[in-house]
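The structure appears right after this line, and notes come after that.
No lab work stands behind these numbers, since they all come straight from the coordinates. These numbers were taken from a predicted model, which means no experiment stands behind them. Cβ atoms come from the backbone with ideal geometry, glycine included; neighbour counts cover every protein chain shown.
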Amino acid sequence: MALLTILLQQQGQGAGWSSIIMMVALVAIFYFFMIRPQTKRQKEIRKFREALSVGDKVVTAGGIYGKIKEIKDNIIVLEIADNVRIRIDKSSIYATAADSTTTNQA
């Protein structure tokens, strides 16, 4: 009877280790397929927004095409038509107009 109890306890401990290993594997898979690509994409977007300069043609998150006329800290003055300027937040710029027209034609 004591031998049977010892064998059952050993099997239970083995199952515990395999479930821990499975959880670690799931976390690693989740990291490499979800978190890592997202942080990489965020870094690329941040670099793009920091590289914006006056005269660039851009597209906002709302789909407004315009040309950058002025850049302040987090605010961009965008000219969307002749003598029509709007102020937008820098974080609402997603692509240059040249990039968006080439992806739409493909």
Long-range amide H contacts for Asp56: which residues qualify at under 5 Å (H placed 1.01 Å from N, peptide plane, sequence gap of 5 or more or a different chain)? Ile68
So what are the ³J(HN,Hα) numbers for segment 76-89, from phi and the Karplus equation (6.51, -1.76, 1.60; θ = phi - 60°), rounded to whole Hz, Gly and Pro as x? 10, 8, 10, 8, 9, 7, 4, 6, 10, 10, 10, 9, 9, 6
Per residue of segment 54-66, what does 6.51 cos²θ - 1.76 cosθ + 1.60 with θ = phi - 60° give for ³J(HN,Hα)? Whole Hz please, x for Gly and Pro, Karplus curve as stated. 4, x, 5, 8, 9, 10, 8, 4, x, x, 8, 8, x
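What ranking, highest mean first, results for peptides 17-25, 63-71 when packing means the other Cβ atoms within 10 Å averaged over each residue?
Numbers: 17-25: 9.9, 63-71: 14.6.
Ranking, from highest mean packing down: 63-71, 17-25.
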Qualifying lysines (Cα of each under 17 Å from Cα of Lys67; at least 8 residues distant if same chain): Lys57, Lys90
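On a full-extension model of 0.36 nm per residue, what is the gain between Arg36 and Leu52, subtracting their alpha-carbon distance, rounded to one decimal in nm? Walk me through the numbers on the way to the answer.
Numbers: separation 16, 0.36 × 16 = 5.76 nm, distance 2.50 nm.
That works out to 3.3 nm of additional length.
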